[in-house]
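The values are calculated or read from the model by the stated rules, or taken from the named source; none is laboratory data. Note that the structure is a prediction, hence the values are computed from the model and not measured. Here the Cβ positions follow ideal geometry from the backbone for every residue, glycine too, while neighbour counts run over all protein chains shown.
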């Protein structure tokens, strides 16, 4: 078996293997997307919960200040009741009014903080709802991924063994070339020669459809020499259709021919 034939055998196994793995990778990608979305929602929820905690603390501080002012204002009112002169009474009244202004400002700030807490709490509840829905989708994605893996698990093991066996027959430098082309071009790492017109020696690459020199086709046909397309650099080979076109069956003797 020539090097191109060995390489083709490995390539065909590799194509099957990558096709199966692509199905599994699609399910794994979808599952990873759900995990990413869940993580993002969890991070956002944690961030909002931290903001809520801070706002509640700030509201609590203002409420504590309001309580302290209420106590101070109650003391001043008692002092006003016992004021000895109008001047003393007016001084207490001025102080009381100043405290009222401060109290109103603090109470308003506390209410604003609590309103923000209420708004953020609703947002957290909405995010939690989104997380629950996303978690359901993730469950479906996880089930789908496991089902796909079970479907192809046995075949994957078989193909990996076949690939290992086929790769052992391919020279190391050629194997590296195929691996590089597979990573770069996928299934177009190798392509069959297309016989457009055998008599006129017109051949094209099955990948890029560009013309192939006749000597390249001859080298493949006679020795299976490793041959690259001069245009797209994929590895060329001759499939069954190309071989039939290049070696058409010979016509049998005509009816009634003289012996």
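A few points about this structure:
- The residues on offer are 50, 58, 25, 16, and the sole one that is assigned by TED's automatic domain parsing to the domain that holds residue 132, within 36 Å of the chain's Cα centre (by Cα), in contact (Cβ under 8 Å) with a residue 24 or more places away in the chain and in a helix (DSSP H, G or I) is 16.
- Any hit, region 197-208, residues being assigned to a strand (DSSP E or B), surrounded by fewer than 15 Cβ atoms within 10 Å (Cβ to Cβ) and at pLDDT 90 or above: yes
- Any hit, region 29-42, residues being closer than 25 Å to residue 110 by Cα and touching a helix residue (DSSP H, G or I) at 6+ places or on another chain (Cβ under 7 Å): no
- Checking each residue in region 225-243 for being farther than 17 Å from residue 189 by Cα and surrounded by fewer than 20 Cβ atoms within 10 Å (Cβ to Cβ) picks out 240, 241, 243.
- Across region 120-143, the number of residues qualifying as over 22 Å from the mean Cα position of the chain (by Cα), farther than 13 Å from residue 41 by Cα and without any contact (Cβ under 8 Å) to a residue 40 or more places away in the chain comes to 1.
- Filter pass, residue 186 being in the same structural domain as residue 241 (by TED's automatic domain parsing), surrounded by 16 or more Cβ atoms within 10 Å (Cβ to Cβ) and touching a residue at least 12 places away in the same chain (Cβ under 8 Å): no
- Check on residue 77, touching a helix residue (DSSP H, G or I) at 6+ places or on another chain (Cβ under 8 Å) and loosely packed, with under 13 Cβ neighbours inside 10 Å: yes
- Flag if residue 132 is outside the structural domain of residue 59 (by TED's automatic domain parsing) and surrounded by fewer than 12 Cβ atoms within 10 Å (Cβ to Cβ): no
- Condition broken by residue 51, with the remaining ones in (1) surrounded by fewer than 17 Cβ atoms within 10 Å (Cβ to Cβ); (2) at pLDDT below 95; (3) touching a helix residue (DSSP H, G or I) at 6+ places or on another chain (Cβ under 9 Å) satisfied: (2)
- Being outside any loop (DSSP other than H, G, I, E, B), out of contact with any helix residue (DSSP H, G or I) (no Cβ under 7 Å at 6 or more places or on another chain), closer than 23 Å to residue 180 by Cα and not assigned by TED's automatic domain parsing to the domain that holds residue 11 is a description that applies to residue 216.
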